[in-house]
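Before I ask anything, here is the structure I am working with.
Values quoted throughout were computed directly from the atomic coordinates according to the rules given, and no laboratory measurement underlies them. Everything numeric here is computed off the predicted structure, so don't read it as measured data. Every residue, glycine among them, receives a Cβ derived from its backbone with ideal geometry; neighbour counts consider all protein chains shown.
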Amino acid sequence: METHQTINRALGLLLYTLFSFTVMISKAQTNCNKVQQQISYAKTTVANLQEDDYDVQYVKLDLKVSNVSTAIAGSATTIAKVVAPFLMDYFFELSNQLTIDSALVNGQKLMAVSVAPYVWRVSLPTGLTQNSIFYVNIYYHGSPSGGTGFFTNGLLQQTDGIYGVSVTHTVSAAIHSRDWWPCKQSLTDKIDSADIWITVPNGLKVAGNGLLKNITAQPTGNRYEWASRYPADYYLLSFAVAPYTEYNYQMHFSGSTDSMLIQNYLYNVPSILQQHQGQLDSLAQLINYFSSLFGRYPFYKEKFGVCMTPLAGGMENQTMVSLGSLDIQLMAHELSHQWWGDNVTCQSLADMWLNEGWATYCEQLFLEHFRGAVAAKAQRTSVFNDILLTNIGSVYVDDTTQEGRIYSSRFTYNKGAAVAHMLRYVVNNDALYFLGLKNYHQQFKFSTATTNDLKNVMNQATGLSLDTFFQQWIFGEGFPKHNISWAQSGNNVVVKLDQFGSKPSSVSVFKMPIDIQLKSASGDTLIRVMNDRATQYYVFQWNPQMNGIVLDPNDQILNKVLSISNDNSILDIQAINELPIQIFPNPSLDYWTVQHIKPGTLLKLFDVTGKLLFQKTAQSDSYNIPSKSLLGGVYTLQVWVNNTLRSYQLIRQ
């Protein structure tokens, strides 16, 4: 036992030296705001709140694995910093299917006691004070069972149904790292630096996070030594073991001399590369495209890669995603997670849409850019149709105890993706929309964020107040349903929209812009209006003879049309004259449309200094005020009707 402790003391000194260097690098790369994390003890993912008495700064896993079973044996070393006033007990999480052989804290062998399912405690003989650095070695082994796919066990042994290849691999989302290594499962405590060493029998290879530093010969095979020097959440550490072959190349970032390794682990079956080399080569284009939207690929000093596993889908392990197929749309989804989930991770499981909803929307962005608008709309319509099958359900996770609810395909993935697109539609300016997304990733890089964090960044980038949008679409339930009536008299077209929320107790009326398409034999026109009341009238000047109407023809927002009728009774002039004035789009790029005004209405536009910029008398029920030549900022519109003044704030993007 003394020899055992002496070795571990020496190992501890070596690891601490390595840790000090790597954390210094890691800290320089991040704005993780560890100070805030240190004083916030109540996290939603830890199994025991006392896990938040320390901050994990370095992890080293040194394990023996094969591809024919889940048998695993080795050690996990954690270097951490005490953030509580005093640390008397070290708590961590590990499956009770695994056996702990020994536990050492700062080289001293201590007893690890199971205090709850998955939760272990090591009592320290002498307490550690705040800011103390300590290291823990846990030696363990076992063959965990029950893993058949996602959310069943973090360590799986599977045989691919197409190629017959046996693979042992991890799939840790979101609480299953504990199934294969002793860890702290806190979303907000990112691991600053990690080494993952996996020893496997001859003939096998190991895919892992970061960069492959060495392959060291061992008596029974080879040890693959992976190192990552970027912060990572616990569930994003990974490995996969199989008879792999590699397909690697260097990609170059657009507008830069920088390059990055693309490292792919494919089953050692020649036909795979023959069939999928085109998709694998296109990863470079995808990385450059997503970099243009969200900022430079976050882990460019290491790599990006894919490894084949028998998963029904994919897992966004940091820098090395696991894929059940080499489908390019799946690759786009998992690649986008390197921004949405890996670079910026949701701060709580309730905000999982920040990971999965946006990655699902990135599939649509991929299709739009590389396959065209028709393919993107088909994807969007499919996503919308799934959501419209039920009248209830929020994007925000109301029960984080159920993994099925956290990872709901309908609400977290699809409705989350729908919200991402509707936000783009509401902003109505791609330059500002993607600027906001870039700012979000820059502000919270290598850290965690909430829905409100994203909302605040988008408010600032766009100049809009998006509080209502996020409240009704993320935290609220349902979607708008419409009954549509229309009529035409001469060149006057009247449209009446009756709207109610599909779950009125949550959102009675959704406040959203929406497109109305007026149809005729000689051609159609598309008009965007603000729909924010239960009953709303719109009056348009349009000469062609109408023969129909379509609401939201391009599936820009979630909505369901219940009925459409041609009803001349809505031509009642009194009802039309009582319509409230509407101004849209606001903010604008080219013009503001002032609607539901009377002929003779005087319009005056002023800048913030009070200077009169524009003055016109409207001759019809609507007027377009040009804004294209104006600078971005806030303006005031005065609307004079029968010597009565109404003032409105307008925003030029």
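What is the distance in Å between the Cα centroid of the range 237-306 and that of the range 65-114?
The two parts, judged by their Cα centres, are 34 Å apart.
Still on this structure: Residue by residue through the range 628-639, what is 3J(HN,Hα) from phi via Karplus (6.51 cos²θ - 1.76 cosθ + 1.60, θ = phi - 60°)? Round to whole Hz and write x for glycine and proline.
Listing the rounded values in order: 4, 8, 8, 6, x, x, 9, 10, 10, 10, 9, 10 Hz.
Return the lysines within reach of K438: Cα separation strictly under 23 angstrom, same-chain partners fewer than 8 residues apart disregarded; answer none if there are no such residues.
K438 reaches K27, K34, K190, K301, K303, K415, K455.
Taking K598 as the anchor, which lysines have their alpha carbon closer than 18 Å to its alpha carbon, excluding any fewer than eight residues away along the same chain?
Cα-Cα hits under 18 Å: K616.
Taking θ as phi - 60°, what are the ³J(HN,Hα) couplings along the range 465-474 by the Karplus curve (6.51, -1.76, 1.60), each to the nearest whole Hz, with x for Gly and Pro?
Coupling constants for the range 465-474: 9, 9, 4, 5, 4, 5, 4, 7, 9, 9 Hz.
Just report the Cα centroid separation between the range 476-492 and the range 590-605, whole Å.
23
Contour minus end-to-end for V641 and D281, with contour as 0.36 nm per residue of separation and end-to-end as the Cα-Cα distance? Numbers along the way, then the final one.
Details: separation 360, 0.36 × 360 = 129.60 nm, distance 6.33 nm.
Working it through step by step, the gained length comes to 123.3 nm.
With unit charges on the beta carbons (Lys and Arg positive, Asp and Glu negative) and the dipole taken about the Cα centre of the range 488-626, which residue among S563, Q595, F614 sits farthest to the positive side?
F614
Any idea what log10 I(q)/I(0) is at q = 0.10 Å⁻¹ for the range 248-387, Debye with uniform C-alpha scatterers and no solvent?
Log10 of I(q)/I(0), two decimals: -0.33.
Now for a different question. Whose amide H sits under 5 Å from the amide H of G313, counting only residues 5 or more places off or on another chain, with H placed in the peptide plane?
It is G324, S325, by chain and number.
Where does each of 151-162, 543-554 land if you order them by average Cβ count within 10 Å, highest first?
On the way: 151-162: 18.6, 543-554: 15.4.
In descending order of packing, they fall as 151-162, 543-554.
At 0.36 nm per residue, and after removing the present C-alpha to C-alpha distance, how many nm does the segment from N131 to T152 gain when stretched out fully? The partial results should precede the final answer.
Numbers: separation 21, 0.36 × 21 = 7.56 nm, distance 3.68 nm.
Extra length from N131 to T152 when fully extended: 3.9 nm.
Would you work out the charge dipole size for the chain about its Cα centre, treating the Cβ of every Lys and Arg as +1 and the Cβ of every Asp and Glu as -1, and quote it to the nearest 20 debye?
Working: 44 positive and 48 negative charges, 223 e Å.
Value, rounded to 20: 1060 debye.
List the lysines whose Cα lies under 25 Å from the Cα of K109, skipping any in the same chain that are fewer than 8 positions away.
Filter leaves K60, K64, K81, K184.
Report the calculated FRET efficiency for W542 and L49 (r = Cβ-Cβ distance, R0 = 56 Å), to the nearest 0.05.
Details: r = 63 Å, r/R0 = 1.13.
That gives a FRET efficiency of 0.30.
If Lys and Arg each add +1 and Asp and Glu each add -1, what is the summed charge of the other residues whose beta carbon sits under 9 Å from the beta carbon of G74? Intermediate values should be presented prior to the final figure.
Numbers: positive: K64; negative: D62.
Local net charge: 0.
Along the range 619-627, what does the Karplus equation 6.51 cos²θ - 1.76 cosθ + 1.60 (θ = phi - 60°) give for ³J(HN,Hα), rounded to whole Hz, x for Gly and Pro?
So the J values, rounded to whole Hz, are 10, 9, 7, 8, 8, 9, 9, x, 10.
Another question about this same structure. To the nearest 500 deg cm²/dmol, what mean residue ellipticity at 222 nm is calculated for the chain from DSSP H runs of n ≥ 4 alone, each contributing -39,500 (n - 2.57), summed and divided by the residues? Provide the component values of the computation, followed by the final result.
On the way: 13 runs with 150 residues, N = 653.
Theoretical 222 nm ellipticity from helices: -7000 deg cm²/dmol.
May I ask you to order 397-410, 55-68, 177-190 by the average number of other C-beta atoms within 10 Å around their residues, highest value first? Intermediate results must be reported in sequence, preceding the final value.
On the way: 397-410: 15.1, 55-68: 21.5, 177-190: 25.2.
Ranking, from highest mean packing down: 177-190, 55-68, 397-410.
Then there's this: Under the rule of at least 5 residues apart or a separate chain, name every residue whose amide H is placed under 5 Å from the amide H of F479.
HN-HN under 5 Å from F479: S502, K503.
Still on this structure, please answer the following. Where the centre of each part is set by its Cα atoms, how far does the range 118-157 sit from the range 171-201, in angstrom?
9
Now, a different point. When DSSP assigns beta bridges and you keep just the ones with both residues in the chain, what percent turn out antiparallel, to the nearest 5? The partial results should precede the final answer.
Details: 137 of 162 bridges.
Of the beta bridges lying entirely in the chain, close to 85 percent run antiparallel.
Continuing with the same structure: Of the peptides 123-131, 83-91, how do they stack up when ordered by the mean number of other Cβ atoms within 10 Å, highest first? Could the numbers behind the result be given before it?
Working: 123-131: 12.3, 83-91: 17.0.
Answer by packing, highest mean first, reads 83-91, 123-131.
Say R0 is 60 Å: what FRET efficiency, to the nearest 0.05, do V550 and S69 get from their beta-carbon distance? Spell out each step's value before the answer.
Values: r = 58 Å, r/R0 = 0.97.
My answer for the efficiency is 0.55.
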